[in-house]
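The values are calculated or read from the model by the stated rules, or taken from the named source; none is laboratory data. Keep in mind that what you see is a predicted model, and the values were worked out from it rather than measured. Ideal geometry is used to build each Cβ from the backbone, glycine not excepted, and the neighbour counts take in all protein chains shown.
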Ligand SMILES: NC(=O)c1ccc[n+]([C@@H]2O[C@H](COP(=O)([O-])OP(=O)(O)OC[C@H]3O[C@@H](n4cnc5c(N)ncnc54)[C@H](O)[C@@H]3O)[C@@H](O)[C@H]2O)c1
């Protein structure tokens with residue numbers, strides 16, 4: 001599906017980013033795995049041991065110089081760039097609206113929204129020049145409705161959806177496609193505290209029960225959508241925010257059925 005595609009994936013040291021990197025390499029992509037942490041080295045080791053092609057870059061997606069440098073790294077190592085999955089993100093910690101500080105907002109928006117903006121800004125010129133390229137961003141169901149994160153996190157992800165919609169039109173006719181994925185509850189590093197708490201209380205079986213698929217999601221279930229959107233198979237999908245949430249965002253508030 002991604003044979004010979006040169007793709008950058010951020011947040012590749014854990015969770016959704018790691019799962020997507022492994023899937024993309026398995027589908028034939030050459031992957032630049034980017035993360036703030038050295039978890040990215042482990043991701044690359046797993047890929048190369050499985051016979052795939054990947055390199056690791058430790059970098060901060062909210063820092064413009066670092067973004068320019070990992071985009072250049074993709075070009076110098078693999079001879080060009082065909083796609084980017086701007087996936088790195090932080091939860092913001094889930095403080096209430098009255099507890100949040102301006103610094104908290106800067107931190108959350110800096111990674112989740114400005115990080116995505118920088119990924120778009122510094123890859124679009126490459127894609128326009130070569131007549132095409134695919135951008136995928138991780139938003140969240142928190143971008144769509146309340147109750148999936150704090151106001152800083154939710155606003156930062158609504159911003160990602162807006163970047164996607166607006167960029168789709170600003171790259172009109174260029175061959176660039178840009179889409180967002182809105183994951184529901186996925187077990188990753190970010191949601192570990194939620195899962196740990198539920199398990200500690202013996203309530204693990206309750207996790208994910210409010211969506212009609214009746215379970216939480218796996219990182220690879222987001223990764224499959226990311227690989228599809230990065231591939232030419234998604235050639236007519238553009239400017240969309242696609243929920244991958246077991247059906248969670250499809251409903252109005254509802255009453256949990258009693259047995
Ligand atoms: N897990 C969920 O339920 C869920 C739901 C909706 C959206 N998301 C989104 O999915 C994306 C991936 O998160 P995850 O769930 O895999 O969590 P995760 O914590 O397992 O992975 C996130 C990765 O991003 C990296 N990162 C954070 N800040 C960075 C920065 N400034 N520069 C580079 N890398 C940075 C982290 O080091 C980490 O490896 C995030 O954007 C998150 O908001 C997750």
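Examine segment 246-257 for a residue that is at positive phi, part of a loop (DSSP other than H, G, I, E, B) and touching a helix residue (DSSP H, G or I) at 6+ places or on another chain (Cβ under 8 Å), and state whether such a residue exists. Within segment 246-257, none of the residues are at positive phi, part of a loop (DSSP other than H, G, I, E, B) and touching a helix residue (DSSP H, G or I) at 6+ places or on another chain (Cβ under 8 Å). Would a scan of segment 228-242 turn up a residue that is in a helix (DSSP H, G or I), in contact (Cβ under 8 Å) with a residue 40 or more places away in the chain and within 11 Å of the ligand (Cβ to nearest atom)? Looking for residues that are in a helix (DSSP H, G or I), in contact (Cβ under 8 Å) with a residue 40 or more places away in the chain and within 11 Å of the ligand (Cβ to nearest atom), one finds none in segment 228-242, hence no. For segment 21-62, the tally of residues that are assigned to a loop (DSSP other than H, G, I, E, B), within 13 Å of the ligand (Cβ to nearest atom) and surrounded by fewer than 16 Cβ atoms within 10 Å (Cβ to Cβ) stands at 2. Taking the criterion of being more than 18 Å from residue 12 (Cα to Cα) and more than 16 Å from the ligand (Cβ to nearest atom), the residues of segment 63-76 that qualify are 75, 76. Exactly one residue out of 11, 94 is more than 22 Å from residue 133 (Cβ to Cβ), under 20 Å from the mean Cα position of the chain (by Cα) and within 16 Å of the ligand (Cβ to nearest atom), and it is 94.
Note on segment 189-210: residues that are touching a residue at least 24 places away in the same chain (Cβ under 8 Å) and more than 12 Å from the ligand (Cβ to nearest atom) total 2.
Restricting the search to segment 115-140, which residues are within 12 Å of the ligand (Cβ to nearest atom) and surrounded by fewer than 24 Cβ atoms within 10 Å (Cβ to Cβ)? Across segment 115-140, the qualifying residue is only 118. Being in a loop (DSSP other than H, G, I, E, B) and in contact with a helix residue (DSSP H, G or I) (Cβ under 8 Å, 6 or more places away or on another chain) is the filter here, so list the residues in segment 1-20 that pass it. Listed by number, the residues that qualify are 1, 2, 5, 11, 12, 13, 14. Within segment 162-179, identify whether any single residue is touching a helix residue (DSSP H, G or I) at 6+ places or on another chain (Cβ under 9 Å), within 12 Å of the ligand (Cβ to nearest atom) and at pLDDT 95 or above, and answer yes or no. No - not one qualifying residue is present in segment 162-179. Going through (1) surrounded by fewer than 17 Cβ atoms within 10 Å (Cβ to Cβ); (2) assigned to a helix (DSSP H, G or I) one by one, residue 97 falls short only on (2). The helices (runs of 4 or more DSSP H) falling completely within segment 104-220 that include 1 or more residues that are closer than 24 Å to residue 239 by Cβ map to 115-130, 151-170.
Listed by first and then second residue, the pairs linking a residue in segment 8-21 that is under 15 Å from residue 120 (Cβ atoms) and in contact (Cβ under 8 Å) with a residue 12 or more places away in the chain to a residue that is assigned to a helix (DSSP H, G or I) and within 8 Å of the ligand (Cβ to nearest atom), with Cβ atoms under 8 Å apart and 6 or more places separating them unless they lie on different chains, are 9/17; 10/17; 10/115.
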